[in-house]
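Colleague: Sending over a structure as structure tokens; questions will come in a sec.
Each reported figure results from applying straightforward, stated rules to the coordinates on display, with no laboratory input. Predicted model only: the values in this text are computed from it and were never measured. In this analysis, Cβ positions are derived from the backbone assuming ideal geometry, glycine residues included, and neighbour counts consider all displayed protein chains.
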């Protein structure tokens, strides 16, 4: 089965699940079960290009769900899921996942040379100005420390190419650095 076919089957299954889950679900635990299909039942995503949502900042999760619903952030899977959610649902999901413990993906620390390049890149574009000293984020600013290298690379590249357009400021910052800088940042952040 091809990758696009598998993606289509996963999207259809998720959509069918989300369309029936709210009718039957009562508790937040039941309502969030649909998320485990991609983001992992243990908080470890099934695909490394999918973000960790366990332990992520509540404000950030809410904004991303809102942006998916409004169409400001694109995803064949997330847009249909978020489109059926009301504001209170989005806030409840965000609070629920933010209180979960961040999973350890067991990613290695970056080599000294890579960490040095990432540090230089951070100083040039000021990542820690928003994401804070240990890249833990706060409020509506996401935690970056410990996300997968693949997700970080994809996200920064999507901002750079403007494929992800829900934060124009991030696009401007990613355009100010090279693809090699993005690779170094992703490797460094994933090992924190």
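Colleague: From the helices alone, meaning DSSP H stretches of at least four residues, give me the mean residue ellipticity at 222 nm for the chain, per-run term -39500 (n - 2.57), in deg cm²/dmol to the nearest 500.
Modeller: Mean residue ellipticity, 222 nm, calculated: -18000 deg cm²/dmol.
Colleague: Only Cα pairs under 8 Å and at least 6 apart count here; give the relative contact order of the chain as a rounded whole percent.
Modeller: With pairs under 8 Å counted, the relative contact order is 22 percent.
Colleague: By how many degrees, between 0 and 90 and to the nearest 10, does the Cα long axis of helix 3-24 differ from the longest principal axis of the chain?
Modeller: Around 50 degrees separate the two axes.
Colleague: From the Cα gyration tensor of the range 112-190, with a ≥ b ≥ c the square roots of its eigenvalues, which class applies: rounded if a/c is under 1.5, or else prolate if a/b is larger than b/c, or else oblate? Numbers along the way, then the final one.
Modeller: Working: a/c = 1.38, a/b = 1.11, b/c = 1.24.
Rounded is the answer for the range 112-190, as its axis ratio a/c remains below 1.5.
Colleague: What's the FRET efficiency of residue 140 with residue 178 using the Cβ-Cβ distance as r and R₀ = 22 Å, to the nearest 0.05?
Modeller: Here the calculated transfer efficiency is 0.20.
Colleague: Can you work out the PRE-style zone for residue 109? Point 7 Å along Cα to Cβ, and I want the residues of the range 138-168 with backbone N under 17 Å.
Modeller: Of the residues in the range 138-168, 145-147 have backbone N under 17 Å from the label point off residue 109.
Colleague: Calculate how steeply helix 58-70 sits against the longest principal axis of the alpha-carbon atoms of the chain, using the helix alpha-carbon long axis, and give the answer as 0 to 90 degrees to the nearest 10.
Modeller: Between helix and principal axis, roughly 70 degrees.
Colleague: Could you tell me which of rounded, prolate or oblate describes the range 144-192, using a ≥ b ≥ c as the square roots of the eigenvalues of the alpha-carbon gyration tensor, with rounded for a/c under 1.5 and, failing that, prolate when a/b is larger than b/c and oblate otherwise? Can you show the working numbers first?
Modeller: Working: a/c = 2.16, a/b = 1.61, b/c = 1.35.
Prolate, because a/c is 1.5 or more and a/b exceeds b/c.
Colleague: A further question follows. Where does each of 53, 141 land when they are ranked from fewest to most other beta-carbon atoms within 10 angstrom?
Modeller: 141, 53
Colleague: D for the chain, whole µm²/s, Stokes-Einstein with Kirkwood Rh over alpha-carbon pairs at 37 °C and 0.692 mPa s: what number?
Modeller: Details: Rh = 17.3 Å.
Answer from the Stokes-Einstein relation: 189 µm²/s.
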